[in-house]
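Comments concern the structure below.
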Amino acid sequence: MTASSGTVTRQRPASTSRVIVGQGNVVAGRLCLTLLCNGVLVSSLASQSGAGAWASLPASTRAAGLGGAGAALVGDAGAVFANPAGIATIRHLSVEGGYQHFSDGSAVGSGALALRAGRLSWGFGAAARDTAGALVRATDLLGLTSLVFRTSLFALGTSVKYVRETLAGTTVDAWAGDVGVAIAVFDLMAFGVSVQNIGGDLGGGARLTRRTRAGLTMNYVDPQGAYRLLTTLEGQWPSGGGGGAAVLVAGVEGGVVTRAVGIVGRLGYTGHSLATDPAPFSWGAGVELGRLHLDYAYRASGRGGGNATHRIGVRWSP
C-alpha cells in the first residue's frame, strides 16, 4: 500500500498477478483443445462427395518444397491458405506472392497479406487458376480473409472463403470456412492443427473436400544464427467421396545465412492419396536477402499421370 498526495492506492501482490496470468493460459489451452476436438469431430462426420481444384495445392512456394506441409509453418502470410492461426507470429507485416505452372499448361497465381496489431492478426489471400495458363481469363477463383487471436503461446484463427470453380463444364461457387490452432514455442518449434472447407456446398451434391491437418515443425539450430536446419511432419485427412486416403507429409530445410544473406535447400515427401498424384518427392531452394525471400519448388509427375509443377514465390516481412 502506498500514499501519494493524500490518495491511498492498493497494489496487487505479484503472486496474485502470476496466478491470473496462469489462469489465462489454462483457459486459452482449454479453448485450443476444444477447437481441435470439435474440428476433428466435424471432419470425421463428413461423408459428402469431394470436389475442388484447390484441395491439394500447397499454401506457399516454401511449403511446396517441403512436400506441401503447411499446418505448422508459421510466420508467413501464405499460412492463411493452410492454417489461419499460422499468421499469429508475424511481427508487423508479411506479404507473399507465388506462381505455379503445371505440365498440362494450366497455372495458378496467388497472393497473401497479413498484419498484426497486438493480440489480433488479420490476413487476406487470393488465388486464380486457369487451364490455359492465362490467369487474366481464370475461371477458378479463391478469396479468403482470416482473423486470429493470440494469447501467450496459443493462437486461435478462423477464415471465411469464397470459391468459384468449373466442374463438368459448369461454373459453380461456394462459401466455406477454416478453423485453426497454432502453438509456437519461441523460434524453436510450432504445432498446428486446421480444418479446411467447413461448409463448401457447390450444389448438385458436390462439396469442397474437407481436410483436417495436424503438423509439427522443429528448429534444431537458432534460426537467427548463421545456420538453418528445420524439419516438419504433417498428417492430412481428407474426407468426402473424392478426397482420397490419409496422407503423411515430411520435409527438411537447411542452409547457411551470413549477415542476412544466404541460401537454403528443401526436400519434401508426400504420401500418395490418389492414383493421379504427382511424384512423392519434391525439392526446392530459397535465397535469403534480409527480410526478402525468393523461393523455388519443383515436383515431378507421377506414374499415374499427375502433373509436374514448377513454382516460384517471393516473401517479404519488414
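The values are calculated or read from the model by the stated rules, or taken from the named source; none is laboratory data. This one's a predicted model, so the numbers in the text were calculated from it and none came from an experiment. Heads up, the Cβs are rebuilt from the backbone with ideal geometry, glycines too, and the neighbour counts pull from every protein chain shown. In case anyone asks, the SASA skips ligands and DNA or RNA and just uses the protein heavy atoms, side chains included. Shrake-Rupley method; radii C 1.70, N 1.55, O 1.52, S 1.80 Å.
What does the charge count around Ser121 come to, taking other residues whose C-beta lies under 14 Å from its C-beta (Lys +1, Arg +1, Asp -1, Glu -1)?
In short, +3.
Just the number, please: carbon plus sulfur as a percent of the accessible area of region 214-318, 1.4 Å probe, no ligands or DNA/RNA counted.
About 66 percent, which is the carbon plus sulfur part of the accessible surface.
Can you run phi through the Karplus equation (6.51, -1.76, 1.60; θ = phi - 60°) for region 157-162 and list ³J(HN,Hα) in whole Hz, with x for Gly and Pro?
In residue order, the calculated couplings are x, 9, 10, 10, 10, 10 Hz.
Ratio of alpha-carbon Rg to the 2.2 N^0.38 Å globular estimate for region 136-282, to two decimals, please.
Details: Rg = 18.4 Å, N = 147, 2.2 N^0.38 = 14.7 Å.
In units of the globular-protein estimate, region 136-282 measures up at 1.25.
Dipole magnitude of region 124-207 about its Cα centre, charges +1 at Lys/Arg Cβ and -1 at Asp/Glu Cβ only, in debye to the nearest 20?
Approximately 60 debye in magnitude.
5 Å is the cut-off here: which amide hydrogens, built 1.01 Å from N in the peptide plane, fall below it relative to Ser152, excluding neighbours closer than 5 in sequence?
Sorted by chain and number, the residues that satisfy this come to none at all.
Under 1.5 on a/c is rounded, so check that first for region 78-185, then, if it is not, pick prolate when a/b is larger than b/c and oblate when it is not; a ≥ b ≥ c are the square roots of the alpha carbon gyration tensor eigenvalues. All intermediate terms of the calculation are to be shown ahead of the outcome.
Details: a/c = 2.95, a/b = 2.04, b/c = 1.44.
Prolate.
Where the centroid of each part is defined by its Cα atoms, how far is region 297-318 from region 76-107 in Å?
Between the Cα centres of region 297-318 and region 76-107 lies a distance of 13 Å.
Please give me the summed charge of the neighbours of Ala285: other residues whose Cβ is under 14 Å from its Cβ, Lys and Arg +1, Asp and Glu -1.
Around Ala285, the surrounding residues sum to +3.
For Gly133, list long-range residues whose amide hydrogen, built 1.01 Å from N in the peptide plane, is under 5 Å from its own amide hydrogen.
Answer set, sorted by chain and number: Ala107.
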